[in-house]
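See structure below.
The values are calculated or read from the model by the stated rules, or taken from the named source; none is laboratory data. No experiment lies behind these values; they were computed from the predicted model shown. With ideal geometry, Cβ positions are generated from the backbone for all residues, glycine too; neighbour counts draw on all protein chains shown. What goes into the accessible areas is simple: the full protein's heavy atoms, side chains included, and nothing from ligands, DNA or RNA. Shrake-Rupley method; radii C 1.70, N 1.55, O 1.52, S 1.80 Å.
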Amino acid sequence: MAQFQCFGKFSFHKTIERHTLCRVATGFTAQLNRDNVDPCQGEGAPMETRLHLKPGQNGTKQWGQKYGERLVCVRYRYDSDTGQRHKTVELIEKTLPWRPANSREQHLMQRAADEPVLLRIEYEECELREQVRRAGGRWQPAERAWVVAYGVAADLNLVDRIVGDI
């Protein structure tokens with residue numbers, strides 16, 4: 001386990017393989033470890049987070065000007081052991097395209113065309129309801145949704161309205 005003395009002004013978490021490196025306000029020692037232990041907590045009592053601000057809220061304006069779109073949030077953390085308040089800033093360091101392995105879209109693509117699915121269609125969408133009815137859909141009052149085959153939903157471009165399976 002390697003230790004790092006952090007003298008940075010802001011906190012950041014970075015995951016390297018299965019290790020976590022955490023850097024917080026002045027003088028805090030962070031550790032690189034393989035456990036599920038948050039190295040930001042350090043020894044003794046954990047720091048309490050009392051305020052979590054989103055960009056644009058009061059208390060984040062100067063950080064928004066400095067970091068722009070990279071700013072995720074500003075936190076105020078209180079250390080009861082040392083009696084200090086830390087202002088931490090969470091930033092986006094790098095953005096890359098990513099698609100989860102078990103995404104909803106991928107799951108929907110693997111469905112059989114005759115598999116029944118539930119569609120959410122609002123009451124005011126009369127024409128769409130009629131299209132689904134003409135294609136063989138039926139209303140299920142218990143689920144408050146329409147039941148159609150997945151292939152029909154795909155043909156009518158209603159895949160994004162699927163809310164469940166039967």
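A few remarks follow.
- Selection of region 153-166 for residues being touching a residue at least 40 places away in the same chain (Cβ under 8 Å) and open to solvent by 30 Å² or more (accessible area, probe 1.4 Å) yields Ala154, Val159, Arg161, Val163, Asp165, Ile166.
- Failed item in (1) surrounded by fewer than 16 Cβ atoms within 10 Å (Cβ to Cβ); (2) in contact with an Asp or Glu (Cβ under 9 Å, 6 or more places away or on another chain), with Tyr150 passing the rest: (1)
- Residues in region 112-140 that are of a type in the set (Lys, Arg) and open to solvent by 50 Å² or more (accessible area, probe 1.4 Å): Arg120, Arg133, Arg134, Arg138.
- Close pairs from region 71-87: first closer than 15 Å to Pro46 by Cβ, partner of a type in the set (A, V, I, L, M) and open to solvent by less than 30 Å² (accessible area, probe 1.4 Å), Cβ under 6 Å, at least 6 apart: Arg77/Met47; Asp79/Met47; His86/Ala25
- Neighbours by Cβ (under 6 Å, 6+ apart or cross-chain): first from region 46-64, open to solvent by less than 30 Å² (accessible area, probe 1.4 Å); second of a type in the set (S, T, N, Q) and part of a loop (DSSP other than H, G, I, E, B): Leu53/Thr60
- Selected residue (only one of Leu71, Leu91, Leu108 is under 22 Å from the mean Cα position of the chain (by Cα) and modelled with pLDDT under 90): Leu108
- Residues (open to solvent by 70 Å² or more (accessible area, probe 1.4 Å) and touching a strand residue (DSSP E or B) at 6+ places or on another chain (Cβ under 6 Å)) located in region 65-87: Arg70, Arg85
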